[in-house]
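S.K.: Sharing a structure here in structure tokens format.
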Amino acid sequence: MAFRWHWLLIWAVLGTVGGRSLAADTREDRAYAAAVSAFQDGMWSRAETAFAGFVRKYPASGRVAEAVLLQAQAEFKQDKLTNAITLLTARRTGAGNLADQYAYWIGEAQFQGGDLSAAAATFISLTYDFPESSLRLRALVEAAVAQSQLRRWPQVEALLAPTNSVFQRAAQSAPANELVIRGNLLLAQARFAQKDFAGALSVLESLASQTLKPEMDWHRAYLLYQVKLAAGDLGAALAVTTNLVQIARSESNDVLQAKGLALRVPVLEQLDQPSGALAACREILALPAPAEQAREAILKMAELAIALGRFSEAEETLKKFPAQYPDSPAADVALLTLGELQLRDYVSQPTATNQLPAAQERFDQFLRLYRNSPLAGKAHLDRGWCLWLTGKTNAPETLDAFRAAAQCLQRLPPSEDLAAARFKIGDVLFAQTNYAGALENYQAVLEDFTDFPAVTRSLGGQALYQSLRASLALTNSAGASEALEQILEQYPTNDLAASSALLYGQSLAEAATNHLQAAAAREVFEKFEQQFPDSPLRPQAAFAVARTYEQDPSPDWSAAIQQYEAWRKEYPTNELLARVTYALAAAYFQAGNETNAFRLYTNFVAQFPTNNLAPLAQYWVADYYFRLGGTNNMEAERNYKLLYQNTNWQGFPLVYTNLAYQARLMAGRAAVGLSSYKDAIEHFTSLTSDTNCPADLNAQALFAYGSVLMQKESDDTNHPLANYQKAADVFSSICQLYPTNESGALAWNEIGDCDLQLTNYDGATNAYAQVIASPYAELSARCRAQIGFGLALEKKAALASGSDQKQLLQLALDKYLDVLYDTNRRDQEPFQDLFWTKKAGLQALPVMEALGISDAASLNAFFDRLEGLLPQLKDSLEKKRAAMLAAGN
């Protein structure tokens, strides 16, 4: 857990034990005292057994509730988290005045077990269920910790920010409380994560006057640095790094001191102070910083020197480092980095031939001086690269260098460097025509580093390519087929595939940018069928041929359909049948034949219910009915529900999870199309109450929910507009959850519309003003708000008289004219929103008439503009123009 109050809570229980002394008066007392003693001595297993025995033997004892709680805590200390949760949950009804502690420890165990969502829910429930509990603040902060670890930043803010929350009330009464301070740090982090830099800064500044523990003070300063940097306040960010270094130095924490200095470097670079950045790097190297941090500092020093045009200085800095810092643990890092810099220089500038032997000499020197260093494997690997680049691709000494690298690196945790060493061993053996040995090493790269995505990205495709070459050299058609199958599945766009017929054209097909390239890809696949007539991958090659027709920049859907249909007849039992069938359905759809597409997608779900494409097919079917609209929405809703209710598809998280949420949203929209508002609300609220629902879909569901409430008749006949108030509350929640994006701005428009219906005209104008001022609102949203503002002012004018009425009408007219004459547009918004512009003009016309505006120039300019926007209304507008001009005369 992020915060450790466990012992405080434990001793609170032990100190009371029902208000009675632990003196061993009776057998019951002695049994309980013995269990407590075992607990106090940290003998967790013994304490667990003793308390369990006590409860069994004395079930009527007044100490049972305490015994159960302490038994669960003993289980917690032994990581028997499920046992602790089960015990406390089963015994909650008998917890008495310890019920809040039961709930708290259930949450602790859930958190410790990694069930963060459940822990957050438990802690939040505690704050509601036990309003008098002394644990409420702690539980709320721990709930925020759980949500923060899930990266649910809006939820963290929702827990900590509201002014009437448990946390904010505690913050007002006891701002120096450690829980309050930690909670404020979480709140600042949440706002920063949501790009609310001003909000984060406000929280951090409120902590500036507090005396914080060094750990929290460092955290506060680090967050402040991030905020200032993100806001572009480089001077302030630089000042904060000074504070970070001072805090770490006062605590003699070299690691944090080095980190604080490292944070200075990018700021100084952005401030165009490379000399200062160099100085910060030197300070890092003067500390006993972790080797990786020192290595990064040295590399940065070299980069800064190069940026300054001082290339020799970069190398000289690294050369002198051992003499400058003879006792530094980074001496070996400096020497290795110097060699790598020289090797990098050669790779980027092969004409700098002197750099390659210089680099090799550095690696040789390293291996003489630091052969037992953890970096020795890296030095061997770099030395092998030097030999390879000199042209010794099949030399025994090159093979020895890479093998020595692998041997050293195998003593350390698996790494990308070890993968590179095994790959280069394969390359040297391949150059020596030892194809079997080469294949063994390439396979090791593919099989032993599956937990390293970077290895898969950088070496996976090449290792498969080389495996294919080695298999072909060994005339191992099965191995070649297996390698090709993996390439087609894992690296369909790999550039290596396009350069050789050995990869049977898959990469060429994926990367085709014109008709000739697509045709060339088909030719390669045809050669593949001639070269491997008995390969089990013939269906895969035929599938690839068909795909080239749709991958062509000008897709030939008719040809693709013909190929897919032929494939299905020739290979009706092949494992690729599902993929081909799905591709055929998609091709029919793209060709405009929705009837055949519908038939294939519908049959696909029935024929391949466990295929990971089945959810996508189901979604297409539901969309098909939704596009038809009308009564077809009933089938649309049913099919969307079939998608998210199918438990068999939940095993496809990459395909299913977001699709299921989207299907639930669309089911609600289909229900709206049927005017089944109750069902629609059920769909939408199931999303808004799901904490795992993606933020964008949650926002859409909230909007849809609010919109349905505005359409639905009130269930309370005495309050026919009640649903508008409910809708306004829903839209308000959107503003709170998404204050820094367009969703919040759009929600304010809806709130304004609701307030208009509720005759809350001041509320409406306030809501529309929020949209107009929002930096996140697009032009159309602001235009809509301007018109809504004007409508609210007109409504207010209808309730006024005399000069007040005229003033309100004039203000309304100004809002309409702002839209009509395009004064609402900001920089980088080159286009008018014609819909709202036309509406603004039509809305302005009766207001101008009511105000008796008669100035001929103004009226003519207005009508000319309006007729240009609405030429179909020219006749009626001309009559109105004439009438208003005549009235002015």
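The values are calculated or read from the model by the stated rules, or taken from the named source; none is laboratory data. Bear in mind that the values here come from a model prediction, so they are computed numbers and not experimental data. Neighbour counts run over all protein chains shown; Cβ positions are idealised from the backbone, glycine included. Accessible surface areas use protein heavy atoms only, side chains included; no ligands, DNA or RNA. Shrake-Rupley method; radii C 1.70, N 1.55, O 1.52, S 1.80 Å.
S.K.: Quick one: dipole size for the chain, taken about the Cα centre, charges +1 on Lys/Arg Cβ and -1 on Asp/Glu Cβ, in debye to the nearest 20. Kindly include the intermediate steps, with their values, before the conclusion.
M.R.: Values: 76 positive and 95 negative charges, 272 e Å.
Once rounded to the nearest 20, the dipole reads 1300 debye.
S.K.: Quick check on the chain: helices-only [θ] at 222 nm, where DSSP H runs of length 4 and up contribute -39,500 (n - 2.57) each and the sum goes over total residues. Nearest 500, please. All intermediate terms of the calculation are to be shown ahead of the outcome.
M.R.: On the way: 46 runs with 651 residues, N = 889.
Using -39500 (n - 2.57) per qualifying helix, the result is -23500 deg cm²/dmol.
S.K.: With all protein chains present and a 1.4 Å probe, how do D79, D833, D715 order by accessible area, largest first? Show your work: numbers first, answer last.
M.R.: On the way: D79 105, D833 40, D715 130 Å².
Largest to smallest exposure gives the sequence D715, D79, D833.
S.K.: Charges on Cβ only, +1 for Lys and Arg, -1 for Asp and Glu, centred on the Cα centroid of the chain; of A544, I425, Q155, which one is farthest towards the dipole's positive end?
M.R.: Q155
S.K.: May I ask you to derive the relative contact order of the chain, considering only C-alpha pairs under 8 Å and at least 6 residues apart, and to give it as an integer percent?
M.R.: On the way: 1192 pairs, mean separation 26.1, N = 889.
Value for the chain: 3 percent.
S.K.: Is the C-alpha gyration tensor of segment 42-142 telling us rounded, prolate or oblate? Criteria: a/c under 1.5 is rounded; beyond that, a/b larger than b/c is prolate, otherwise oblate. Don't skip to the end; give the middle numbers.
M.R.: Values: a/c = 2.34, a/b = 1.38, b/c = 1.70.
Note, shape of segment 42-142 comes out oblate.
S.K.: Continuing with this model, one more query. Given S707, F608, S689, which one lies farthest toward the positive end of the charge dipole of segment 569-709, if we put +1 on the Cβ of every Lys and Arg and -1 on the Cβ of every Asp and Glu?
M.R.: F608
S.K.: Of A171, L204, P214, whose Cα points farthest to the positive end of the dipole of segment 152-219 (charges on the beta-carbon: +1 Lys, Arg; -1 Asp, Glu; origin at the Cα centre)?
M.R.: A171
S.K.: Principal axis extents for segment 714-812, Cα atoms only, whole Å, descending order, please.
M.R.: Computed over segment 714-812, the largest-to-smallest principal extents equal 43, 39, 17 Å.
S.K.: Ranking request for peptides 845-858, 580-593: highest mean number of other beta-carbon atoms within 10 Å first, then the rest in descending order.
M.R.: Details: 845-858: 14.1, 580-593: 19.9.
Final packing ranking: 580-593, 845-858.
S.K.: Next question, about the same structure. What is the calculated FRET efficiency for Q40 to T89, with r their C-beta to C-beta distance and R₀ = 22 Å, to the nearest 0.05? Don't skip to the answer; put the middle values down first.
M.R.: Numbers: r = 26 Å, r/R0 = 1.18.
For R0 = 22 Å, the calculated efficiency reads 0.25.
S.K.: What are the trypsin sites (Lys or Arg not before Pro) within segment 116-184 that DSSP puts in a loop, where the Cβ has at most 10 other Cβ atoms within 10 Å? Write down the numbers at each step before the final one.
M.R.: On the way: sites: R136, R138, R151, R152, R169, R182; in loops: R151, R152.
Listed in order of number, the matching sites are R151.
S.K.: Now a separate question. Give me the 1.4 Å probe accessible area per residue for the chain, excluding ligands and nucleic acids, in Å².
M.R.: Numbers: 41490 Å² over 889 residues.
Accessible surface, normalised per residue, equals 47 Å².
S.K.: Turning to a different aspect of this structure: How much accessible surface area, in Å² rounded to 10, belongs to the heavy atoms of W836 with a 1.4 Å probe?
M.R.: 50
S.K.: Rounded to the nearest 20 Debye, what is the dipole magnitude of segment 354-446 about its Cα centre when Lys and Arg each give +1 and Asp and Glu each give -1 at the C-beta? Walk me through the numbers before you get to the answer.
M.R.: Values: 10 positive and 9 negative charges, 41 e Å.
It works out to roughly 200 debye.
S.K.: At 7 Å along the Cα-to-beta-carbon direction for both Q172 and N632, put a label point, then send me their distance in nm to one decimal.
M.R.: Roughly 5.7 nm, to one decimal.
S.K.: Now, a different point. How large is the dipole of segment 842-889 about the Cα centre if only Lys and Arg carry +1 and Asp and Glu carry -1, each at its Cβ, rounded to the nearest 20 debye?
M.R.: Values: 5 positive and 6 negative charges, 11 e Å.
So the magnitude is around 60 debye.
S.K.: Moving to a separate point now. Enumerate the aspartates and glutamates that K641 could reach by cross-link, defined here as Cα to Cα under 13 Å, with residues fewer than 8 away along the same chain left out.
M.R.: D623, D679, E682
S.K.: If R0 is 51 Å, what FRET efficiency do you get for L834 and T573 from their C-beta distance, rounded to 0.05?
M.R.: After rounding, the FRET efficiency stands at 0.35.
S.K.: Can you return the lysines within cross-link range of K424? Criterion is Cα-Cα under 20 Å, with same-chain partners fewer than 8 residues away left out.
M.R.: K378, K392
S.K.: Starting from the 7 Å offset along Cα-to-Cβ, what nm value, one decimal, do you get for the label separation of S250 and E440?
M.R.: Reported label-point gap for S250 and E440 is 6.1 nm.
S.K.: Full-extension gain between E416 and E778, please, as 0.36 nm times their residue separation minus the C-alpha to C-alpha distance. Can you show the working numbers first?
M.R.: Numbers: separation 362, 0.36 × 362 = 130.32 nm, distance 4.60 nm.
So the chain would gain 125.7 nm between E416 and E778.
S.K.: Additional query: Three principal axis extents, largest first, for the C-alpha atoms of the chain, in Å?
M.R.: The Cα atoms of the chain stretch 104, 95, 64 Å along their principal axes.
S.K.: Among the lysines, which have Cα under 28 Å from the Cα of K57 when same-chain residues fewer than 8 positions away are ignored?
M.R.: Reachable lysines: K77, K80.
S.K.: Still on this structure: What pairs from K726/K815; K815/K838; K259/K300 go past 25 Å between their alpha carbons? Don't skip to the answer; put the middle values down first.
M.R.: On the way: K726/K815 28 Å; K815/K838 13 Å; K259/K300 14 Å.
Cα-Cα > 25 Å for K726/K815; rest within.
S.K.: Rounded, prolate or oblate for segment 527-684? Axes are the square roots of the Cα gyration tensor eigenvalues, ordered a ≥ b ≥ c, and the cut-off for rounded is a/c under 1.5.
M.R.: On the way: a/c = 3.06, a/b = 2.04, b/c = 1.50.
Judged from the Cα gyration tensor, segment 527-684 comes out prolate (a/c at least 1.5, a/b above b/c).
S.K.: Further question on the same structure: What part of the accessible area of segment 794-889, given as a whole %, is carbon or sulfur when the probe is 1.4 angstrom?
M.R.: Values: 2970 of 5690 Å².
The nonpolar share, carbon plus sulfur, comes to 52 percent.
S.K.: Please give the FRET efficiency for K678 paired with Q650, using the beta carbon to beta carbon distance and R0 = 22 Å, rounded to the nearest 0.05. Write out the running numbers ahead of the final one.
M.R.: Working: r = 27 Å, r/R0 = 1.22.
Result of the calculation: an efficiency of 0.25.
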